[in-house]
């Protein structure tokens, strides 16, 4: 009798484990697929009008795309139209489509210029007010680069590096930014966390160091940020590095006799994880997509053997920023089929690292003017989203 009871208990526990695993898969919890979201496709944000006077954000660049060189194709149109992503009903539709296809995290490009936030309406008015925001997580990537003439296509051809707004902040402003983000975003129930720690990504490390006054003051400021996050009730801060050369080869850092000064530099600043933002940051993207992926895999292997921090694999959809500039390297043959193969490579990387959170980042949800977007268009339809669904949802 006892044997029979134990057998019944074993069967029940086994069934429960299977059901739990199925429930996790159904809820998209096995892999966290995070797409960067560029918040410039918003209407009625007055701070966007100096760059895009029509009042529809950077859709203006997509609509009035410049002439390119002979033989170059760029005739992209969004199947959902020139939507206002700062509208909560629009964002609700996007959240439904994203989660249905396996994207369960948005990484918002987040900006701060001239003593105040910039391009926050998509996040604050759109995403956070969507009636289904509970279905999706989000975190911030502080895009702390300078603003030049690039966004304004009327001036981009001049090729002058006129700084309209600087991305540098001093310690006082840095603390203001951190405290605001902890209260406004980190404490939101949908903010993405790893081991309970809010994830915060920083784009431009030289700019951060320049504003804070050097390596030591920057390390001190970032340590203060971590402690401030703990004081807010979190176990810590997951400080995430944007992985590209300007953030690793900082000339002001003395690595001494260490064999790996880049690794020591990252540890000195206190970053605990990293991912990429774009393939264009570390490899030649004026190539066929399969060949680019060969270089990407080599870079993943190099990172794995070189650095102590956790690396989360990144996949870019494409690259061609000629809508802004009229000239660009052009990623070729980045079809949904080849993109799907790249996603499988990223999934395999995650599966080989079971000790880390199964996070994969993608550029991007909506970088139309860099031609790196998941949103459906007249060229590939829903192809990119369907590729994600096949790899991360269906399977």
What is the fewest-to-most order of 369, 283, 306, 335 by other Cβ atoms lying within 10 Å of their Cβ?
-> 306, 335, 283, 369
Given Cα pairs under 8 Å that are at least 6 residues apart, what percent is the relative contact order of segment 33-394?
-> 19
Segment 166-241 shape via C-alpha gyration tensor axes, a/c threshold 1.5 | prolate
Could you please rank 101, 145, placing first whichever residue has the fewest other Cβ atoms within 10 Å of its Cβ?
-> 145, 101
Applying the gyration tensor rule to the Cα atoms of segment 31-189 (axes a ≥ b ≥ c; rounded if a/c under 1.5, else prolate if a/b exceeds b/c, else oblate), the class is oblate
Would you mind getting me the FRET efficiency between residue 390 and residue 184? Use the beta-carbon distance for r and R0 = 56 Å, nearest 0.05.
-> 0.95
Alpha carbon centroid spacing (whole Å) that separates segment 290-343 from segment 125-163 | 21
Hey, what did segment 156-310 get for relative contact order, percent, Cα under 8 Å, at least 6 apart?
-> 20
Quote to one decimal, in nm, the extra length available between residue 382 and residue 351 on full extension: 0.36 nm per residue of separation minus the C-alpha distance between them.
-> 8.5 nm
Highest GNM mean-square fluctuation, the chain, Cα pairs closer than 10 Å: which of 160, 367, 262?
-> 160
Among (1) 136; (2) 215; (3) 166, which one is volume of the Cα convex hull per residue in Å³ computed from these coordinates?
-> (3)
What shape does segment 262-395 have by the C-alpha gyration tensor, where a ≥ b ≥ c are the square roots of the eigenvalues, rounded means a/c under 1.5, and otherwise prolate means a/b greater than b/c and oblate the rest?
-> oblate
Quick one: compute the contact order of segment 236-395, relative version, from alpha carbon pairs under 8 angstrom and 6+ residues apart, as a percent.
-> 21
Please give the length that would be gained between residue 30 and residue 301 if that part of the chain were fully extended, namely 0.36 nm times their separation in residues minus their C-alpha to C-alpha distance (nm, one decimal).
-> 95.2 nm
Chain lengthening between residue 69 and residue 164 when straightened (0.36 nm per residue, less Cα-Cα) = 31.4 nm
Mean Cβ-within-10 Å packing, highest first, puts peptides 117-123, 78-84 in the order 117-123, 78-84
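Any read-out appearing in this document is the output of simple, stated calculations on the displayed coordinates, not a laboratory observation. Worth saying up front: this structure is predicted, and the values here are computed from it rather than measured. FYI the Cβ positions are ideal-geometry reconstructions off the backbone, even for glycines, and counts take in every protein chain you see.
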